[in-house]
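Written out below as structure tokens is the structure these notes cover.
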Amino acid sequence: MTTPKSLFIKTYGCQMNVYDSERMAEALAPEGYVQTDTPEGADMILLNTCHIREKAAEKIYSELGRLKPLKAENPDLKIGVTGCVAQAEGAEIVRRQPAVDLVVGPQSYHRLPQLMEQMKTGAAIETEFPAEDKFDHLPSRDAGRGPKARRAPAAFLTVQEGCDKFCAFCVVPYTRGAEVSRPVDRVLAEARDLVNRGVREITLLGQNVNAYHGDKDGGTWGLAKLIWALNEIDGLERIRFTTSHPNDMEDDLIEAHGTCAKLMPYLHLPVQSGSDKILKLMNRKHTAESYIALIERFRKARPDLLLSGDFIVGFPGETDEDFEATLDLVRRVNYGQAYSFKYSARPGTPAAERPDVPAQVADERLQRLQALLREQQVECQDAMVGKTVGVLFEKAGRIEGQMVGKSDHLHAVHVYAPDHKPGDLVQVRITISRTNSLEGELL
Ligand code: 5AD
Ligand code: SF4
């Protein structure tokens, strides 16, 4: 028996990092590491970083500076940087902050146990893209937690990683590498295991999840086929997936939104800009019209689909006219929810070489876009009042007897339901629309 040691993981960025952090904790469990909620007193601290926007690396260096004094209190403390900043910066991290013992990129988490050995004799740095798939070598999910350990009702499951699209602003193809899909049987086995542990909703994750092509019996399955197989799992009630690219959308996936009972009416489909000129400069390989045509097909299959998206304003070369085209597209699509960002140059990407739009102009555009998206979000929420939706309870609310969960359309919903528990899927009539959530009553 190894003596227990404590592990603190701070996760930044996307849901895939949340998933990876869980997997790292699982890879380290056999080494005797048990997770804690605070860095103070930990024997190992991992910063699982994100490199997608703004000064990510600088923020990590500041955080490392704050953590370094903990080494004086615990000489055995090890500090590691994982995730996309680790991949992008590599050995530079140890050069700038010698207190760092470990730098490991997202493709190499399965090598953590060996890297722990290496750390005994000096900093361990691993930023290669190894030939093997990390998922083949990571311990099975929940290994070390006991066969019956329960999970929260909603879980993420990574099915695809990496990206071959090379949008001109984006670091993902460099930090996460080429598109790789996990084999179908592994995904289904992990899903069944999650369901046995109390999971009722699974969100399939991938940087380009709809490019999924997982091996199955000598051939490959696309995402729709995988979703149909998940639909057959008893006890699994809901299926979602994120994030998709407009160019990888296949007919059977669109259709499934109208026919697959467990597939939820929500689609996150980033467009980034409404101007064809900017889309071209971004290397997006789709137009505003082709995107809108795609949305129309989805809405035909599933009229109540809630649309979500990502936008970048102030991309190099964006004129007022280009920005107006983005606002037009937003008006035409009508989003229920969306993320919008001011462009920030990421070193090593093609767009980083191009002249920036003045910061003040980009700020003003971002405010206008966010005001419009906010308006649409409120409208979409308000339109839910009076409707009946499914709600999967996730936890108790702050008020006595209240439960909180997510609706089919991914709205947070508060319901007075003293006889219910997390994991219950109930029908709720929406009564009130609040700032960022809904309120409803049990039917
Ligand atoms: N600047 C601003 N936003 C970016 N995104 C990706 N790279 C950048 C960048 N350099 C946004 C895109 C993407 C989301 C995850 O982050 O909108 O869809
Ligand atoms: Fe980045 Fe574009 Fe790939 Fe999305 S599709 S991860 S924005 S390169």
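Numbers at a glance
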read-out: Accessible surface ranking that places the most exposed of Trp221, Trp228 first, with a 1.4 angstrom probe; value: Trp228, Trp221
read-out: Rounded percent of accessible protein surface that carbon and sulfur make up, the range 388-442, 1.4 Å probe; value: 48 percent
read-out: Relative contact order (%) - criterion: Cα under 8 Å, at least six apart; region: the range 5-134; value: 22 percent
read-out: The range 1-50 and the range 82-103: distance between their alpha carbon centers, rounded to Å; value: 17 Å
read-out: For the range 162-174, Karplus couplings with θ = phi - 60° (6.51, -1.76, 1.60), whole Hz, Gly/Pro x; value: x, 8, 10, 7, 6, 4, 5, 9, 10, 8, 3, x, 8
read-out: Contour excess over end-to-end distance, with Cα ends at Asp356 and Lys277 and 0.36 nm allotted per residue; value: 26.8 nm
read-out: Counting all C-alpha pairs of the chain, share separated by more than 29 Å (%); value: 52 percent
read-out: Student exercise, the chain dipole from Lys, Arg, Asp, Glu Cβ charges, in Debye to nearest 20; value: 540 debye
read-out: For Thr431, distant residues with modelled amide H under 5 Å away; value: Gly386, Glu439, Gly440, Glu441
read-out: Proximal lysines relative to Lys395, as straight alpha-carbon distance under 24 Å, when same-chain residues fewer than 8 apart are discounted; value: Lys10, Lys148, Lys262, Lys387, Lys406, Lys421
read-out: Under 18 Å from Lys71, Cα to Cα: aspartates and glutamates that are on another chain or at least 8 residues apart; value: Asp37, Glu40, Asp43, Glu63, Asp101
read-out: Accessible surface, per residue, of the range 1-44 when the full set of protein chains is kept, probe 1.4 Å, Å²; value: 48 Å²
read-out: Stretch gain in nm, segment Asp251-Val385, where the contour uses 0.36 nm per residue and the Cα spacing is subtracted; value: 45.0 nm
read-out: Thr3 accessible area, assembled protein chains, probe 1.4 Å, Å²; value: 100 Å²
read-out: Amide H within-cut-off set for Thr36, under 5 Å, with H built and near neighbours excluded; value: Leu7, Phe8, Ile9
read-out: The chain - percent relative contact order, Cα under 8 Å, separation 6 or more; value: 10 percent
read-out: Spacing of the two label points (7 Å from each Cα toward its C-beta) at Lys5 and Thr38, in nm; value: 2.1 nm
read-out: For Tyr416, solvent-accessible area (1.4 Å; no DNA, RNA or ligand), Å²; value: 150 Å²
read-out: Integer Hz, Karplus 6.51/-1.76/1.60 couplings in order for the range 215-231, x for Gly and Pro; value: 4, 8, 6, x, x, 10, 10, x, 5, 4, 5, 4, 4, 5, 5, 5, 4
read-out: Rounded to 5, percent antiparallel among DSSP beta bridges of the chain; value: 35 percent
read-out: Karplus-derived 3J(HN,Hα), 6.51/-1.76/1.60, for each residue of the range 335-352, Hz, glycine and proline x; value: 8, x, 5, 6, 10, 9, 9, 7, 4, 10, 5, 9, x, x, 8, x, 5, 4
read-out: Isolated Cys in the chain, by beta carbon distance under 4.7 Å; value: Cys14, Cys50, Cys84, Cys163, Cys260, Cys380
read-out: Heavy-atom SASA rank of Lys59, Lys280, Lys406 (probe 1.4 Å, accessible area, largest first); value: Lys280, Lys59, Lys406
read-out: Set of lysines near Lys280 by C-alpha distance (under 20 Å), chain-local residues within fewer than 8 positions excluded; value: Lys165, Lys342
read-out: Fully extended contour minus Cα-Cα distance, from Glu92 to Arg374, at 0.36 nm per residue; value: 97.5 nm
read-out: Those residues of the range 357-389 whose amide nitrogen sits under 18 Å from the label point placed on Tyr416, 7 Å along Cα→Cβ; value: 386
read-out: Paramagnetic label zone (point 7 Å from Cα along Cα-to-C-beta, Thr431; backbone N under 13 Å) in the range 389-410; value: 402-403
read-out: Relative contact order computed over the range 327-443 (Cα-Cα under 8 Å; 6+ residues apart), in percent; value: 21 percent
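The values are calculated or read from the model by the stated rules, or taken from the named source; none is laboratory data. Bear in mind that the values here come from a model prediction, so they are computed numbers and not experimental data. With ideal geometry, Cβ positions are generated from the backbone for all residues, glycine too; neighbour counts draw on all protein chains shown. Areas reflect the complete protein model, heavy atoms only, side chains present, ligands, DNA and RNA absent. Shrake-Rupley method; radii C 1.70, N 1.55, O 1.52, S 1.80 Å.
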